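The values are calculated or read from the model by the stated rules, or taken from the named source; none is laboratory data. Note that the structure is a prediction, hence the values are computed from the model and not measured. Here the Cβ is made from the backbone with ideal geometry for all residues, glycine too, and neighbour counts use every protein chain on show.
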Amino acid sequence: MAFFSKLKDRLFKSSSKLEQGLDAIIEDGGEEELVADQPEEQPAPAPAPEPEPQPDPAPAEEPLAPAEETPPAPAPLEEPAPEAEPDDSPAAPPEIPPAELPAEIPSVVPGEDAGTPGFLGRLLGRGTPKRGTVTRRVLDDDMLEQLEELLIASDMGVDTALRITANLAEGRYGKKVSTEEIKTLLAAEITRIMEPVARPLPIYAKRPQVVLVVGVNGSGKTTTIGKLASQFKAAGKKVVIAAGDTFRAAAVEQLQVWGDRAGVPVLTAPEGSDPASLAFDAMTRAQEDGADLLMIDTAGRLQNRADLMEELAKIVRVIRKKDETAPHNTLLVLDATTGQNALSQVEIFKKISDVSGLVMTKLDGTAKGGVLVALADKFGLPIHAIGVGEQIDDLAPFDPEEFAAALTGLE
Ligand SMILES: Nc1nc2c(ncn2[C@@H]2O[C@H](COP(=O)(O)OP(=O)(O)OP(=O)(O)O)[C@@H](O)[C@H]2O)c(=O)[nH]1
């Protein structure tokens, strides 16, 4: 299966909560309406004098209108995140453009014309509008409140949910909207929030470019380092990995497995030894080898925040003895299944390290993908890549439009 469809398929799984909720909100209090440009249904003719054979009522059988479907964005599959944007300048903080939704939405959205019951309607076998009809609901306070609750339940956070619903209401309050229309609007709003943060890992001319990888235990640091190393290697870069979580032998072993898979050397140190000393040795080796990239794994023990902070600070101090501009990236790896907890992890790691960007793992099979929207809205940190599985190629560039469509269930 092509990577794009695999990604979409997996993200769709994660979207069902939001998607189902949107369908239910429109169903609740919505009314079926005839679609304006639909050929009129044959009004029952007045009692015909002669029981003549009825003309075949089959215009209904017309192809189910894939006619004007928006073409899907081209698959980003061939494009490993790391090489997408060679850039010599430090990543500028993303600027958030003013909130502007597409002005007016067409009254009939492609794919929602007569007879297309909608993806979820088909799946759930409910709410299937009659051919030639569409269910619309007035966008009033009740509906806005339901939308807010749904967005909050989808892990977007209260502030973001309120802002999004306010934007949805602007210029549309009191007007009728259908499920597809509300999904289109919501997806546009989510895309607008996410676009400024969708940035591949910036690549600098510096050799080695030092990437410090931080995050709590189990968030997917090791796996992400393995996947990134493999992608960089495939892009022709020379990579060295340092297994900086020297406190857990299992973590080191796992990193070695990933290094082998990616065909990249992994530098280790005896259990319990000083991670900063390993980082220094790794820096020396990477410089001697002329490596393009040095990725340093770190411990994720948040139980003792002060210790972890000191440990990370010490790693930074020693690698700066070799290159005062290092580390060039500090990647925070977050587990999407932790939902709102990801927000507090960003807050903590921003305090104890100089986080420059995020990788969100485990977006496959979680209903908590909405937290990415809250993260983008609240922190504006670049999202360099997303993890959508446990295999080496399951790391994708973050595509906001695709993500928004998958999250809202927009086809
Ligand atoms: N489904 C899924 N699982 C993932 C993904 N990324 C990582 N995992 C799994 O999450 C678990 C933890 O990943 P690790 O890479 O070991 O996490 P870590 O942060 O290095 O954890 P420690 O080694 O405990 O510090 C492993 O079972 C991975 O296979 C992902 O994108 N999707």
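Observations
- In the stretch 369-386, residue farthest from the ligand (Cβ to nearest atom) [restricted to those that are more than 9 Å from the chain's Cα centre (by Cα) and either free of Cβ contacts under 8 Å to residues at least 40 places away in the same chain or within 16 Å of Lys221 (Cβ to Cβ) (or both)]: Phe379
- So Gly244, is it in contact with a Lys or Arg (Cβ under 8 Å, 6 or more places away or on another chain), closer than 20 Å to Arg285 by Cβ and of a type in the set (Gly, Ala, Ser): no
- Candidates Ser356, Ser344, filtered to the one that is surrounded by 20 or more Cβ atoms within 10 Å (Cβ to Cβ), more than 16 Å from the ligand (Cβ to nearest atom) and among the polar types (S, T, N, Q): Ser356
- Residue in the stretch 311-341 that is nearest to Thr224 (Cα to Cα), counting only those that are in a helix (DSSP H, G or I) and within 16 Å of the ligand (Cβ to nearest atom): Ala336
- Looking only at the stretch 231-253, and only at residues there that are part of a helix (DSSP H, G or I) and of a type outside the set (S, T, N, Q), the one that is surrounded by the fewest Cβ atoms within 10 Å (Cβ to Cβ): Ala250
- Entry remark, the stretch 387-398: residues being surrounded by 21 or more Cβ atoms within 10 Å (Cβ to Cβ) and either without any contact (Cβ under 8 Å) to a residue 40 or more places away in the chain or more than 13 Å from the ligand (Cβ to nearest atom) (or both) number 1 in total.
- Going through (1) within 15 Å of the ligand (Cβ to nearest atom); (2) in contact with a His (Cβ under 9 Å, 6 or more places away or on another chain) one by one, Ala262 falls short only on (2).
- Only one of Thr366, Thr408 that is farther than 28 Å from Ala299 by Cβ, in contact (Cβ under 8 Å) with a residue 12 or more places away in the chain and either among the β-branched types (Val, Ile, Thr) or away from the ligand (no atom under 16 Å from the Cβ) (or both): Thr408
- Meets criteria (out of contact with any helix residue (DSSP H, G or I) (no Cβ under 8 Å at 6 or more places or on another chain), within 13 Å of the ligand (Cβ to nearest atom), modelled with pLDDT under 95 and small (Gly, Ala, Ser)) for Ala249: yes
- Which numbered condition Asp260 fails, given (1) under 29 Å from the mean Cα position of the chain (by Cα); (2) buried (at least 16 other Cβ atoms within 10 Å of the Cβ): (2)
- Every condition in (1) outside any strand (DSSP E or B); (2) in contact with a Phe, Trp or Tyr (Cβ under 6 Å, 6 or more places away or on another chain); (3) touching a residue at least 40 places away in the same chain (Cβ under 8 Å) is met by Lys351 except one, and the failing one is (2).
- Residue check, Glu288 free of Cβ contacts under 8 Å to residues at least 12 places away in the same chain and not aliphatic (A, V, I, L, M): yes
Table: residues versus (1) closer than 25 Å to Glu347 by Cα; (2) at pLDDT below 95.
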site: Ala262; (1), (2): no, yes
site: Ser273; (1), (2): no, yes
site: Ala286; (1), (2): no, no
site: Leu294; (1), (2): no, no
site: Asn304; (1), (2): yes, yes
site: Leu308; (1), (2): yes, yes
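- Qualifying position, being farther than 30 Å from Asp354 by Cα and either hydrophobic (A, V, I, L, M, F, W, C) or surrounded by 24 or more Cβ atoms within 10 Å (Cβ to Cβ) (or both), among Leu228, Leu168, Leu201, Leu162: Leu168
- Candidates Ala313, Ala326, filtered to the one that is among the aliphatic types (A, V, I, L, M), farther than 25 Å from Ala262 by Cβ and out of contact with any Leu (no Cβ under 8 Å at 6 or more places or on another chain): Ala313
- Of the strands (runs of 3 or more DSSP E) lying entirely inside the stretch 109-226, those containing at least 1 residues that are in contact with a His (Cβ under 9 Å, 6 or more places away or on another chain) and either at pLDDT below 95 or of a type in the set (Val, Ile, Thr) (or both) are 209-214.
- Put simply, of Ala187, Ala235 the only residue that is under 22 Å from Leu372 (Cα atoms), away from the ligand (no atom under 16 Å from the Cβ) and not hydroxyl-bearing (Ser, Thr, Tyr) is Ala187.
- Qualifying residues in the stretch 359-371 (those that are closer than 14 Å to Leu18 by Cα and surrounded by 24 or more Cβ atoms within 10 Å (Cβ to Cβ)) - the one modelled with the lowest pLDDT: Gly369
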